[in-house]
1. Which residues, taken from the stretch 288-314, are touching a residue at least 12 places away in the same chain (Cβ under 8 Å) and closer than 20 Å to residue 222 by Cα?
2. Assess whether residue 207 counts as being under 24 Å from the mean Cα position of the chain (by Cα) and either modelled with pLDDT of 90 or more or under 20 Å from residue 127 (Cα atoms) (or both).
3. Only residues that are out of contact with any Lys or Arg (no Cβ under 7 Å at 6 or more places or on another chain), touching a residue at least 60 places away in the same chain (Cβ under 8 Å) and of a type in the set (A, V, I, L, M): list them for the stretch 103-145, please.
4. Scan the stretch 166-174 and give yes if some residue there is of a type in the set (A, V, I, L, M), in the same structural domain as residue 228 (by TED's automatic domain parsing), under 18 Å from residue 240 (Cα atoms) and surrounded by fewer than 12 Cβ atoms within 10 Å (Cβ to Cβ), otherwise no.
5. Could you pull out the residue among 251, 245 that is touching a helix residue (DSSP H, G or I) at 6+ places or on another chain (Cβ under 9 Å) and either surrounded by 14 or more Cβ atoms within 10 Å (Cβ to Cβ) or in the same structural domain as residue 108 (by TED's automatic domain parsing) (or both)?
6. Filter the stretch 229-242 down to the residues that are surrounded by 20 or more Cβ atoms within 10 Å (Cβ to Cβ) and under 20 Å from residue 287 (Cβ atoms) and list them by number.
7. Restricting attention to the stretch 67-100, which residues are surrounded by fewer than 19 Cβ atoms within 10 Å (Cβ to Cβ), part of a helix (DSSP H, G or I) and free of Cβ contacts under 8 Å to residues at least 24 places away in the same chain?
8. Within the stretch 54-87, which residues are farther than 21 Å from residue 43 by Cβ and either in contact with a Lys or Arg (Cβ under 6 Å, 6 or more places away or on another chain) or among the small types (Gly, Ala, Ser) (or both)?
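The values are calculated or read from the model by the stated rules, or taken from the named source; none is laboratory data. As the structure is a computational prediction, the values presented were derived from the model and not from experiment. Neighbour counts are summed over all protein chains in view; Cβ atoms, including those assigned to glycine, are modelled from backbone coordinates with ideal geometry.
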Amino acid sequence: LAQQGLLMGNDIEAMSDAELALAVETTNVFAKLTPSHKERIVRLLKANGHVVGFMGDGINDAPALRTADIGISVDSAVDIAKEAADIILLEKSLMILEEGVLEGRRTFANMLKYIKMTASSNFGNVFSVLVASAFIPFLPMLPMHLLVQNLLYDISQIAIPFDNVDDEMLATPQRWQPGEVGRFMLFFGPISSIFDITTFALMWYVFDANTPDHQTLFQSGWFVVGLLTQTLIVHMIRTPKIPFLQSRAALPLMLMTGVIMAVGIFLPMGPLAHYFKLQALPSLYFVFLPVILLAYMALTQAVKGYYICRFGWQ
C-alpha cells in the first residue's frame, strides 16, 4: 500500500473529533491503537459518509467490529470477535473479500436495473391508459391483456440476475438513492407513452379501429407495441453505453427477451388469439412496427445521454 500519512495512537489521543475526522481522510496507516482508538476511527469514517468494513480477530477489535458497517473476522478468532462480526471467513485468503465485494456490486447493479425498468415502464403504462381512457370510447386494453403483458414482461426479467455488468459499474461502490429512482421514472416513463399514443393514432386513423366494434383490433395493436417496448427497455436502461454495440446483455437475458417478444407477436397472430380476446393484425401493421420500435430506442438513447450529462448514471 502506498503510504498516505501516518497517525500513532498518542497523536489520535491529542486530537478532537473534528480534527480526527479530517485526518482520517488523508491517512491510511494507523499504528499502536487502543480499542477505543479503533472504534473512534471507524465511527468518524462513517460520519464522513463512508461505508466502513473492519477486519479483526482479537478482543481489542470487538468495539470496532461492532461499530463498522461490516465487521469481518475469521473462524480462528476469539469468541467475542466472532460474535461482533457480520462475516466470518472460513478460508485463509483475503481474495474472498474482493470477490464478495465485486459480486455484491454486481448484484446491486442488476437489482437497480430491475427497479428502474419496472418503475419507468409502469409509470408510462398508467399514463398511457389515462390518456387513452379520456379520448377513446372503449377500453384501450382489457384487464386480461394487462395481466398477460405484465406476466410475460416479468418472465423476461428472470434472467436479469445473470446479466453482465459494465466494468465501470464495478469500479466504485454504489448506494441506494430513492430520489434517483423517482427522477429516473419521471424522465424515462413518458417516453413509452409517446409511442403508445403514436400507436393509438395509428390504429385509429390508419386501421380504422375507432369504434367499439373494432376495439379488439385496437387492443391487439397496442398489446404488441406495449409488450415489445416494455421488453426492449431492458436493453436500453441496463447500461449507460449504447446497447448491443458498446455493451451487450448476457446470453440468458438476450434469449429470454427475444422469446418473450416472439410470444407477444404470436399471441394475436396465432391460434390462441381468441382465448386472449385478441385478433390478427394486418400486414401493414408490421411495416410500421419496426419504425416505432427503432424510434423508441433512438429517443430513449438520446434522453439517456442528456440524463447522464445532467445527473450522472448509477
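1. Restricting attention to the stretch 288-314, the residues satisfying the condition of being touching a residue at least 12 places away in the same chain (Cβ under 8 Å) are 288-289, 292-293, 295-297, 299-301, 303-304, 307-308, 311, 313-314.
Correct list: 288, 289, 292, 293, 295, 296, 297, 299, 300.
2. Values: under 24 Å from the mean Cα position of the chain (by Cα): no; either modelled with pLDDT of 90 or more or under 20 Å from residue 127 (Cα atoms) (or both): yes.
Judged against the criteria, residue 207 is not a match.
3. 109, 112, 115, 117, 119, 131, 132, 136, 139, 141
4. Residues of the stretch 166-174 that are of a type in the set (A, V, I, L, M), as a first pass: 169-171.
With the extra rule that they be in the same structural domain as residue 228 (by TED's automatic domain parsing), the set shrinks to 169-171.
Okay, now just the ones that are also under 18 Å from residue 240 (Cα atoms), so 169-171.
From what's left, surrounded by fewer than 12 Cβ atoms within 10 Å (Cβ to Cβ): 171.
Yes, the stretch 166-174 contains at least one residue that is of a type in the set (A, V, I, L, M), in the same structural domain as residue 228 (by TED's automatic domain parsing), under 18 Å from residue 240 (Cα atoms) and surrounded by fewer than 12 Cβ atoms within 10 Å (Cβ to Cβ).
5. Details: 245 fails: touching a helix residue (DSSP H, G or I) at 6+ places or on another chain (Cβ under 9 Å).
None of the others qualify; the one that does is 251.
6. Matches in the stretch 229-242: 229 only.
7. Initially, the stretch 67-100 is screened for residues surrounded by fewer than 19 Cβ atoms within 10 Å (Cβ to Cβ), giving 69-70, 74-76, 78-80, 82-83, 86-88, 90-100.
So of that shortlist, the ones also part of a helix (DSSP H, G or I) come out as 79-80, 82-83, 95-100.
Within the stretch 67-100, 79, 80, 82, 83, 95, 96, 98, 99, 100 meet the criteria.
8. To start, the set of residues in the stretch 54-87 that are farther than 21 Å from residue 43 by Cβ comprises 74-79, 82.
Correct list: 76, 77.
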